[in-house]
Amino acid sequence: MAKPAAEITREERRREWVRYYSPKRIHEQLLQVHMLDRFPINKVLEIGPYFGLVTAMMDNAGYEVTTMDRNPPSFEHPARPYIEMDLTAVEPAKLAGFDCIMCCATLEHIQYPQAQEALGAFRGSGTPFVLISVPYQGHQLFGQMYFNRYMTAAHFAWKKFRFLKEFPVDPDPLGHKWEVGYKGRSLKSYEAMLKDTGFTILRRAFSFPSFAVFHMLGNAR
């Protein structure tokens, strides 16, 4: 769903909000804000805010947030400055003036060469810090169990041998075009691309059970 806020019914908003901001994904949302900690960051440009949960968390934590997407905003609160711009045609000059560009769970929705071009634009903007995240499908094991006298719950995931497989492209035009961990897209080669673009990797983290890899990048000129 990518409708402007004025075109979304209250029921549609609630259904989609609950679907997207699921318990499985919430660690990934929180990590976006925690990754900013201990860096000299105040003004943040958030690319791809969707329904604004991370926007609201950053706003509440005291950051000055501007959001950017290719469509009109899908939320009205918090009311933050907004830039309507397509990530595949981003202009570095229009990204200047921020302490950090945050582009999480977004780059995988465009082709890999376009993602590289977008990162080049982030680099060219001169913004000191860039925070990105993309899905990570490398070899990994996750397990979780909860028990009390009334219920039990368990979650288990084992990602294995994805590096032998081609990424199964989502037929949805808005779906994922690539993910780290599949054949030809190792974490090592992905990080080499980030460094070749001119960034320094300052911090790496992984979210679970949503399985994404985060990088805080330094953009020293």
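The values are calculated or read from the model by the stated rules, or taken from the named source; none is laboratory data. This one's a predicted model, so the numbers in the text were calculated from it and none came from an experiment. A quick note on method: Cβ atoms are made from the backbone with ideal geometry, for glycine too, and the neighbour counts reach across all protein chains shown. These accessible areas exclude ligands, DNA and RNA; they are computed on the full protein's heavy atoms, side chains included. Shrake-Rupley method; radii C 1.70, N 1.55, O 1.52, S 1.80 Å.
What do you reckon, is residue 187 within 20 Å of the chain's Cα centre (by Cα) and either closer than 20 Å to residue 25 by Cβ or open to solvent by less than 80 Å² (accessible area, probe 1.4 Å) (or both)? Before the answer, list the steps.
Numbers: within 20 Å of the chain's Cα centre (by Cα): yes; either closer than 20 Å to residue 25 by Cβ or open to solvent by less than 80 Å² (accessible area, probe 1.4 Å) (or both): yes.
The answer is yes for residue 187.
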Item to check | Filter result for residue 18 (touching a helix residue (DSSP H, G or I) at 6+ places or on another chain (Cβ under 6 Å) and of a type outside the set (Phe, Trp, Tyr)) | outcome: no
Checklist entry - Looking at 163, 206, 122, 156, which is the one that is of a type outside the set (Val, Ile, Thr), in a strand (DSSP E or B) and in contact (Cβ under 8 Å) with a residue 24 or more places away in the chain? => result 206
Checklist entry - Can you find even one residue in the range 38-48 that is touching a Ser or Thr at 6+ places or on another chain (Cβ under 6 Å) and open to solvent by 20 Å² or more (accessible area, probe 1.4 Å)? => result yes
Checklist entry - Name the helices (runs of 4 or more DSSP H) wholly within the range 6-78 that hold at least 3 residues that are under 19 Å from the mean Cα position of the chain (by Cα), at pLDDT below 95 and among the polar types (S, T, N, Q)? => result none
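Within the range 81-100, restricting attention to residues that are among the acidic types (Asp, Glu) and under 25 Å from residue 40 (Cα atoms), which residue is farthest from the chain's Cα centre (by Cα)?
Kept after step one, since they are among the acidic types (Asp, Glu), are these residues of the range 81-100: 84, 86, 91, 99.
Checking which are under 25 Å from residue 40 (Cα atoms) leaves us with 91, 99.
Numbers: 91: 20, 99: 17 Å.
It comes out as 91.
Go over the candidates 36, 30, 87 one by one and state the one that is out of contact with any helix residue (DSSP H, G or I) (no Cβ under 6 Å at 6 or more places or on another chain) and under 23 Å from residue 123 (Cα atoms). Break it down stepwise before answering.
Working: 30 fails: under 23 Å from residue 123 (Cα atoms); 87 fails: out of contact with any helix residue (DSSP H, G or I) (no Cβ under 6 Å at 6 or more places or on another chain).
That would be 36, the only listed residue that is out of contact with any helix residue (DSSP H, G or I) (no Cβ under 6 Å at 6 or more places or on another chain) and under 23 Å from residue 123 (Cα atoms).
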Item to check | Criterion violated by residue 114 - all others in (1) in contact with a strand residue (DSSP E or B) (Cβ under 8 Å, 6 or more places away or on another chain); (2) assigned to a helix (DSSP H, G or I) satisfied | outcome: (1)
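Residue by residue through the range 88-106, note down the ones that are under 26 Å from residue 62 (Cα atoms), open to solvent by less than 60 Å² (accessible area, probe 1.4 Å) and among the aliphatic types (A, V, I, L, M). So that I can check it myself, show each step before the final result.
Step one: filter the range 88-106 for residues under 26 Å from residue 62 (Cα atoms), giving 92-106.
Then keep just the ones that are open to solvent by less than 60 Å² (accessible area, probe 1.4 Å); that gives 92, 95-106.
Answer for the range 88-106, where residues must be under 26 Å from residue 62 (Cα atoms), open to solvent by less than 60 Å² (accessible area, probe 1.4 Å) and among the aliphatic types (A, V, I, L, M): 95, 96, 101, 102, 105.
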Checklist entry - If a residue has to be without any contact (Cβ under 8 Å) to a residue 60 or more places away in the chain and acidic (Asp, Glu) to count, how many in the range 100-119 make the cut? => result 1
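Can you tell me how many residues within the range 55-105 are acidic (Asp, Glu) and more than 18 Å from residue 39 (Cα to Cα)?
Kept after step one, since they are acidic (Asp, Glu), are these residues of the range 55-105: 59, 64, 69, 76, 84, 86, 91, 99.
From what is left, the residues that are more than 18 Å from residue 39 (Cα to Cα) are 69, 76, 84, 86, 91.
The total comes to 5.
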